[in-house]
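Beneath this line is the structure, given in structure tokens, with notes to follow.
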Amino acid sequence: MAARKTRFDPNYIRAKIQTHQLVRRLTEHVNGKVKLEATQVSAALGLLKKVMPDLSATEHSGEIVRSYVIRAPEPVKSTEEWQQRNAPSTTLQ
């Protein structure tokens, strides 16, 4: 048997599926503007599953590690030094 001349590329197929038209048509069906058969609805949903990501819930298992940088003032050697650094200002405006 001879090999196919054209190979089906999944990205090419996804590009050819017109997602916006499928969504519009299904929305019109839900709103009662268009009557679709059950096979048409399932075919449209099947095509959408090929193109759009599934938004199912995912569970993360593992440890989340976060690192923080804290800038702390240099330690003081005496009470007098602390009072000098942290004394309220006495300037009046």
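Every number here is computed from the coordinates shown, using simple stated rules; none is lab data. Given the structure is predicted, the values throughout are model-derived calculations rather than measurements. Note that each Cβ is placed from the backbone with ideal geometry, even for glycine, and that neighbours are counted across all protein chains shown.
Would you please give the FRET efficiency between Glu28 and Leu48, computed as 1/(1 + (r/R0)^6) with r the Cβ-Cβ distance and R0 = 25 Å, to the nearest 0.05? Don't skip to the answer; put the middle values down first.
Numbers: r = 15 Å, r/R0 = 0.59.
Working from the Cβ atoms, E equals 0.95.
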Query - In order through the stretch 46-52: 3J(HN,Hα) via Karplus (6.51 cos²θ - 1.76 cosθ + 1.60), integer Hz, x for Gly, Pro - result: x, 5, 5, 5, 6, 9, 8
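Sorting check: for 23-33, 7-17, which peptide has the highest mean count of neighbouring beta carbons within 10 Å, and how do the rest follow? Mind dumping the intermediate values first?
Values: 23-33: 12.2, 7-17: 9.5.
Top to bottom by mean Cβ count within 10 Å: 23-33, 7-17.
As a check on your grasp of the helix formula, calculate [θ] at 222 nm for the chain: sum -39500 (n - 2.57) over DSSP H runs of n ≥ 4, divide by the residue count, round to the nearest 500.
On the way: 4 runs with 41 residues, N = 93.
Value at 222 nm, helices only: -13000 deg cm²/dmol.
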**Report entry** Among (i) -0.66, -1.21; (ii) -0.60, -1.30; (iii) -0.19, -1.57, the entry that matches log10 I(q)/I(0) by the Debye sum over Cα atoms at q = 0.10, 0.26 Å⁻¹ as calculated here
**Finding:** (ii)
Requested in this report: Calculate the dipole size of the stretch 7-52 relative to its Cα centre from +1 charges on Lys and Arg beta carbons and -1 charges on Asp and Glu beta carbons; express the result in debye to the nearest 20.
Outcome: 100
